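Inspection log for the structure reproduced underneath, given as structure tokens.
The values are calculated or read from the model by the stated rules, or taken from the named source; none is laboratory data. Owing to the predicted nature of the structure, the values given are computational and were not obtained by experimental measurement. Don't worry about glycine lacking a Cβ; one is built from the backbone with ideal geometry, like all the others, and counts go over all protein chains shown. With ligands, DNA and RNA removed, areas are computed over all heavy atoms of the protein, side chains included. Shrake-Rupley method; radii C 1.70, N 1.55, O 1.52, S 1.80 Å.
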Amino acid sequence: MTTDRIASYVAENAARFLDELTALVSIPSISTLPEHREDVRRAAEFLVAELQGTLGMSTVELIETAGHPLVYAEWINLPDKPTVLIYGHYDVQPVDPLELWLSPPFEPVIKGDDLFARGAVDDKGPMFATLKAIQSLIHTEGTLPVNIRLLIEGEEESGGKSVEAFVSAHAEHLRADCALVLDTAMVAKGVPTISYGLRGMAYAEIVARGAEHDLHSGVYGGIGPNPLQALAWVLADLKGRDGRINLPGLYEMMQPLSDEERAALARQSELQEKELLSAAGFREMSGESGFCVAERASARPTFEVHGIIGGFTGEGAKTVIPAEAKAKVSLRLVPGQNPAVVLALLSKRVQELTSPGITLEVRPLHVGDPVLLGLDSPVLKTAARALEQEFGHEVAFLREGGSIPVVALFDQLLKVPVVLIGFSLPDDNIHAPNEKFHIPNYYAAIRVVAGFLKRLGAKAEAE
Ligand code: BES
Ligand code: ZN
């Protein structure tokens, strides 16, 4: 059978496939840091070269944007077959705290079955697996089973504005029968997982300002405004110890969860809790009471503080009252919650929480819409069959807590069924020090994508 040919081809080329991925993850394509601009471009150019070397690609383009470049490629040769839009991202998160990495983040190391590097699993490994699947099909069959459009962005980790503008402007040109995204998680090792939801995001900085310049805390202590303290009050007010977010109107906007879905989440919750606890080394979950872990981690909104900047943070002691302090915060959002509306609520609430001598400002950084995908599309079933063949295990359907902003556009603007197949493991340390990719999942991803595309092509033939 053809799938065996693919498996043999992947096995024969396993070392080369891994070397090529290693080269890609060596590029520090951190999209949010301006000093890595050229590195981000290098990663895009690497992919363009890779695709230009892929037999039969009719279009391969590096597309300039207001931010980082997009990589776009097409293989459109079969008028009677469906077209699949494959999306991924080649940018990565910053690496700090660097001292906690056991090996440098951009000097990939293989230990046992794992490849350690920033971006190894989020998302260079899974994204690159889609390219390797295409190449494997072309080499073994001389053709592809379906038409392909590939869209790979370099700004996903910093808001994804450019890809959204591109998709909005070229919706007609990106016409496809379904979209395939490999940028989500597996519930547990060996459990093939399809995600059916992603949370949205509203990211902002809250800036507190007091005096015109830093003050001596002996002269001004007790009378001068302290922006760090003011910020602490704001943050403490925005989310209570009970996990409730104090933004009037936020919960009212949520689309209610059906009893059926709540029950499904409850059934998965124990496994998810066990996996996530053991992967992160803490003892007890926090958050809202009255909701199971799976629901809190995917179907409830969140408010998190990502960083607080201000005052004296060097060695030793300095008795200063800073003039300014800043916090980076985000809300993860669920269907019904519009990110722009939520940012307006946040700005309003923050203003109400000011204190004497302090001015507060909320600066939006980026937004992304939440999305819930239908579970009944036939392409999901096709994907599930391909996954089950690879893993010999029933597919888990996961509502994901993370965000991939462009997916909402695929759903709502392109109106294509989106298939989110996960290959990251709970202990892969995404966004954290010592990110890794479980190498067997790399090869599994290549075989699954090839198998999925073959099945889509064969189905079109049968119809
Ligand atoms: N791969 C993740 C999304 C994800 C995270 C899926 C966790 C499954 C589990 C993606 O690269 C990501 O991290 N997205 C950002 C988007 C944000 C910056 C708008 C995120 O979720 O923080
Ligand atoms: Zn990420």
**Item:** Matching residues in segment 115-166 - criterion: being in contact with a strand residue (DSSP E or B) (Cβ under 7 Å, 6 or more places away or on another chain), open to solvent by 20 Å² or more (accessible area, probe 1.4 Å) and closer than 21 Å to ARG16 by Cα
**Value:** PHE116
**Request:** Filter segment 246-281 down to residues that are in contact with an Asp or Glu (Cβ under 7 Å, 6 or more places away or on another chain) and open to solvent by 90 Å² or more (accessible area, probe 1.4 Å), then give me how many there are.
**Result:** 1
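Across segment 194-245, which residue is surrounded by the most Cβ atoms within 10 Å (Cβ to Cβ) among those that are among the polar types (S, T, N, Q) and over 26 Å from the mean Cα position of the chain (by Cα)?
Keep residues of segment 194-245 that are among the polar types (S, T, N, Q), which gives 195, 217, 226, 229.
Those left that are additionally over 26 Å from the mean Cα position of the chain (by Cα): 217, 226, 229.
Details: SER217: 15, ASN226: 26, GLN229: 17.
Only one residue fits best here, namely ASN226.
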**Item:** Failed condition for TYR251, given (1) under 21 Å from GLY287 (Cα atoms); (2) in a helix (DSSP H, G or I); (3) among the hydroxyl-bearing types (Ser, Thr, Tyr)
**Value:** (2)
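Identify, please: which residue in segment 8-42 is in contact with a His (Cβ under 9 Å, 6 or more places away or on another chain) and part of a helix (DSSP H, G or I) and is, among those, surrounded by the most Cβ atoms within 10 Å (Cβ to Cβ)?
VAL40
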**Request:** Working only within segment 60-78, note down all residues that are touching a helix residue (DSSP H, G or I) at 6+ places or on another chain (Cβ under 9 Å) and among the β-branched types (Val, Ile, Thr).
**Result:** VAL60, ILE63, THR65, VAL71
**Prompt:** From the list LEU174, LEU235, LEU215, which residue is farther than 19 Å from LEU353 by Cβ and either out of contact with any Lys or Arg (no Cβ under 8 Å at 6 or more places or on another chain) or among the polar types (S, T, N, Q) (or both)?
**Reply:** LEU215
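Conditions (1) open to solvent by 30 Å² or more (accessible area, probe 1.4 Å); (2) of a type outside the set (A, V, I, L, M, F, W, C); (3) under 30 Å from ILE223 (Cα atoms), marked per residue:
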| position | (1), (2), (3) |
| --- | --- |
| LEU375 | yes, no, no |
| LEU387 | no, no, no |
| HIS393 | yes, yes, no |
| ASP411 | yes, yes, no |
| PHE423 | no, no, no |
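Pull up segment 189-233, narrow it to residues that are assigned to a strand (DSSP E or B) and of a type in the set (S, T, N, Q), then point me to the one that is farthest from LEU387 (Cα to Cα).
Applying the filter and picking the extreme gives SER195.
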**Message:** Residues to consider are ASP114, ASP96; find the one that is within 30 Å of LYS454 (Cα to Cα) and either charged (D, E, K, R) or within 16 Å of ligand 2 (Cβ to nearest atom) (or both).
**Reply:** ASP114
**Fill in**
For segment 68-114 the number of residues that are open to solvent by 20 Å² or more (accessible area, probe 1.4 Å), within 16 Å of ligand 1 (Cβ to nearest atom) and either among the acidic types (Asp, Glu) or over 18 Å from the mean Cα position of the chain (by Cα) (or both) is 1
**Prompt:** Residues ASN441, ASN434: which one is surrounded by fewer than 24 Cβ atoms within 10 Å (Cβ to Cβ) and of a type in the set (S, T, N, Q)?
**Reply:** ASN434
